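This report concerns only the one structure given below.
The values are calculated or read from the model by the stated rules, or taken from the named source; none is laboratory data. Note that the structure is a prediction, hence the values are computed from the model and not measured. With ideal geometry, Cβ positions are generated from the backbone for all residues, glycine too; neighbour counts draw on all protein chains shown. Protein only, heavy atoms only, side chains kept; ligands, DNA and RNA dropped before computing areas. Shrake-Rupley method; radii C 1.70, N 1.55, O 1.52, S 1.80 Å.
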Amino acid sequence: MKLTTLNDLYQRTIHDVFYAEKEVLRASEDLEKKATQKDLKSAMKKHKDDVTARLKRLEAVMSTLKLKANAHHAAGIEGLLKEAKSLADEISDDDTRDAALLASLQEIEHYGINRYGTLIAWAETLGQKETARSLHESLATAKDF
C-alpha cells in the first residue's frame, strides 16, 4: 500500500497497532509464566484482559472504517517483546526477573500509549470522532498499567 495521505498513514498505523496487540497477547502467556510475585502475576492477567479488549475495539474500528482486520508487521513491538523474552530467560533470580518483566511491560505499554495517542490525533484530524472515542478507551487502559 502506497502511503500518500494522512488517511493512508492512519489506516496503516491501525493495522500496525493491531499486529502489535496480537503479538503482545501471544507473548503474554509465556511472560506471565516467568513471573513469581503474586501482584505481578495479577497485573499481567489484567494486562492480558486489557489487550484482548483493545483488540476487540480495534476490530470494531476497522469494521467502521471498512478495513479488513489484517495485521501489518510492526518491527518496533517485536524488538520490545524479544528483549522481554530474553531477559525473562536469562535472569535466574526471581526478584530480579520480576523487576525486568515489570520494566519490559511498562516499555510495551509506552509503545501502545504512543501509538494510540497518535491514532487519536489523526482520527480527530480526519473527523472520525467515534473512532477517536474508542481509541481513547484503549489509550486509557494502556496508561493504566
Quick one: angle between helix 129-143 and the longest Cα principal axis of the chain, in degrees between 0 and 90, rounded to 10, please. 10 degrees
Reachable aspartates and glutamates, given that their alpha-carbon falls under 16 Å from the alpha-carbon of Lys48 and they are not under 8 places away in the same chain: Glu21, Glu23, Glu29, Asp30, Glu32, Asp39, Glu107, Glu109, Glu137, Asp144
Can you match semi-axes √(5λ) of the Cα gyration tensor in Å to one of these, [x] 30, 15, 12; [y] 23, 16, 15; [z] 21, 18, 15, based on a calculation from the structure here? [x]
Among 139-145, 67-73, what's the highest-first ranking by average C-beta atoms within 10 angstrom per residue? 139-145, 67-73
For the stretch 66-145, compute the number of Lys pairs whose alpha carbons are separated by less than 30 Å, excluding pairs fewer than 8 positions apart on the same chain. 8
Residue-averaged [θ]222 nm for the chain, counting only DSSP H segments that reach four residues, each worth -39500 (n - 2.57): -29000 deg cm²/dmol
Heavy-atom accessible surface of the stretch 1-41: percent carbon and sulfur, 1.4 Å: 48 percent
Note: Leu67 to Ala99 extended length (0.36 nm per residue) minus current alpha-carbon separation gives 7.6 nm
Rounded to the angstrom and largest first, Cα extents along the principal axes for the stretch 33-82 equal 43, 22, 12
Just need the relative contact order of the chain here, percent rounded to a whole number, with Cα pairs under 8 Å and 6+ apart. 31 percent
Å² of accessible area per residue within the stretch 105-145, as computed with a 1.4 Å probe and no ligands counted: 52 Å²
